[in-house]
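Below: one structure, written as structure tokens.
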Amino acid sequence: MPTIGEEISRALSIGKARGVLAVDLRLLIRANEGFKDQMDVFLHREDEMKEVALFRAQVERLLAGEPVELILGEAGFLGHRLKVTRDTLIPRGETEELVAHISQIVPLRWDARNFLVCCDIGTGTGAIAIALKSQFPNWIVSGTDISNPALEVARENIEREGLPIRLFHGDALEPLIRENMVADIIVSNPPYVLSPEEAQPSVRDYEPSSALYFDPEDNLYEKVMRDVRKVKKGPLLLAFEIDPGLKDYLDGLMSRYMSDYESTYREDLNGFLRFLFIYMR
Ligand SMILES: C[S@@+](CC[C@H](N)C(=O)[O-])C[C@H]1O[C@@H](n2cnc3c(N)ncnc32)[C@H](O)[C@@H]1O
């Protein structure tokens with residue numbers, strides 16, 4: 001039987017030039033060999049690999065462009081391990097930044113220990129809702145999605161985390177309006193990739209198009225801004241993740257639908273305009 005170190009070298013010799021990353025191999029080996037954390041992969045590199053056939057099949061999937069998160073069936077998000085499937089977007093680092101920004105902005109406007117009502121529109125795996133509810137246990141957090149299969153995954157993740165988060169099926173703010181809910185914070189990471197050509201093949205081929213692509217005629221940014229007054233009772237924060245190319249479009253939506261508000265765009269850590277925060281008085 002080859003050792004773990006030998007199998008890593010073999011996989012990298014075939015795959016490095018084709019984008020296979022050592023970090024992905026480590027994630028797979030940790031799961032396959034039952035190690036507690038990734039450090040154990042280094043510590044046991046001289047040991048025989050138990051799951052050689054499984055690992056080699058997984059390397060073939062990586063070579064075909066499949067994201068490691070889908071091979072493992074889970075992704076990390078701010079310390080949470082979330083189930084992901086072909087029906088959900090794989091949560092991204094930028095969305096972790098969105099949660100971090102919200103955690104900073106909300107205490108500037110509210111006492112964050114209050115029972116603030118927060119809804120994650122287009123919740124996917126439930127990543128944003130789970131991270132915010134964990135960080136602010138007093139908040140009343142819910143999530144919505146138009147995709148029932150995605151909501152099933154969110155439900156599993158929420159149950160696994162043991163968090164009281166309600167989920168609703170429906171289009172944009174329609175479930176909140178239907179339930180007569182009002183909100184203090186609405187957060188959304190809508191589909192915002194401007195065209196399939198802009199997406200990397202691993203994204204285009206493996207993640208659901210309903211979670212990816214922006215439609216100028218039918219999109220969450222417009223629906224949320226159009227209807228937000230129906231779920232507003234006091235000051236309300238709208239927090240969006242965005243594509244930098246949407247700035248002019250979003251400025252247009254704000255002038256059309258918003259009044260008595262302050263807005264700020266923020267960049268992500270890579271220097272791209274990635275977030276829009278709108279505070280409605
Ligand atoms: C970019 S993904 C974000 C998923 C998750 N919030 C995250 O950040 O990882 C967008 C999500 O919005 C959902 N969605 C798309 N259009 C929607 C709509 N009109 N109403 C509600 N959800 C929608 C998709 O099904 C998908 O789960």
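The values are calculated or read from the model by the stated rules, or taken from the named source; none is laboratory data. On a predicted model such as this, the values are computed, not experimentally measured, just so you know. Cβ: placed from backbone, ideal geometry, glycine included. Neighbour counts: every protein chain shown.
Among the listed residues Lys230, Lys247, which satisfies the condition of being within 16 Å of the ligand (Cβ to nearest atom), more than 20 Å from the chain's Cα centre (by Cα) and not in a loop (DSSP other than H, G, I, E, B)? I'd like the intermediate steps shown before the answer.
On the way: Lys247 fails: within 16 Å of the ligand (Cβ to nearest atom).
After ruling out the rest, the residue left standing is Lys230.
Considering region 203-227, and only residues there that are among the hydrophobic types (A, V, I, L, M, F, W, C) and out of contact with any Phe, Trp or Tyr (no Cβ under 7 Å at 6 or more places or on another chain), the residue that is nearest to the ligand (Cβ to nearest atom) turns out to be Ala211.
Close contacts from region 246-273, counting a first residue that is on the phi > 0 side of the Ramachandran plot and a second that is surrounded by 14 or more Cβ atoms within 10 Å (Cβ to Cβ), with Cβ to Cβ under 9 Å and a gap of 6+ residues or different chains, come to Asp260/Met280.
Residue by residue through region 22-49, note down the ones that are out of contact with any strand residue (DSSP E or B) (no Cβ under 8 Å at 6 or more places or on another chain) and in contact (Cβ under 8 Å) with a residue 40 or more places away in the chain. Can you show your working first?
Here is the first cut: in region 22-49, the residues out of contact with any strand residue (DSSP E or B) (no Cβ under 8 Å at 6 or more places or on another chain) are 22-44.
Scanning region 22-49 gives Asp24, Leu27, Leu28, Ala31, His44.
Where strands (runs of 3 or more DSSP E) fall wholly inside region 74-187, the ranges with 1 or more residues that are among the aromatic types (Phe, Trp, Tyr), in contact (Cβ under 8 Å) with a residue 24 or more places away in the chain and surrounded by fewer than 19 Cβ atoms within 10 Å (Cβ to Cβ) are 166-169. Given the condition closer than 24 Å to Glu159 by Cβ, part of a loop (DSSP other than H, G, I, E, B), outside the structural domain of Glu156 (by TED's automatic domain parsing) and away from the ligand (no atom under 16 Å from the Cβ), answer yes or no: does some residue in region 24-35 qualify? Among the residues of region 24-35, at least one is closer than 24 Å to Glu159 by Cβ, part of a loop (DSSP other than H, G, I, E, B), outside the structural domain of Glu156 (by TED's automatic domain parsing) and away from the ligand (no atom under 16 Å from the Cβ), which makes the answer yes.
Any residue in region 201-217 that is without any contact (Cβ under 8 Å) to a residue 40 or more places away in the chain sitting within a Cβ distance under 6 Å of a residue that is more than 14 Å from the ligand (Cβ to nearest atom)? List the pairs, counting only those 6 or more apart or interchain. Note: pairs meeting the criteria are Arg204/Pro196. Right, Ala112: modelled with pLDDT under 95 and more than 13 Å from the ligand (Cβ to nearest atom) or not? The answer is yes for Ala112.
Can you tell which of Thr95, Thr88 is at pLDDT 95 or above, touching a Ser or Thr at 6+ places or on another chain (Cβ under 6 Å), among the polar types (S, T, N, Q) and closer than 26 Å to Pro244 by Cα?
Thr88
Within region 266-275, does at least one residue satisfy the condition of being part of a helix (DSSP H, G or I), at pLDDT 95 or above and either in contact with a helix residue (DSSP H, G or I) (Cβ under 8 Å, 6 or more places away or on another chain) or under 18 Å from Ile146 (Cα atoms) (or both)? Within region 266-275, none of the residues are part of a helix (DSSP H, G or I), at pLDDT 95 or above and either in contact with a helix residue (DSSP H, G or I) (Cβ under 8 Å, 6 or more places away or on another chain) or under 18 Å from Ile146 (Cα atoms) (or both).
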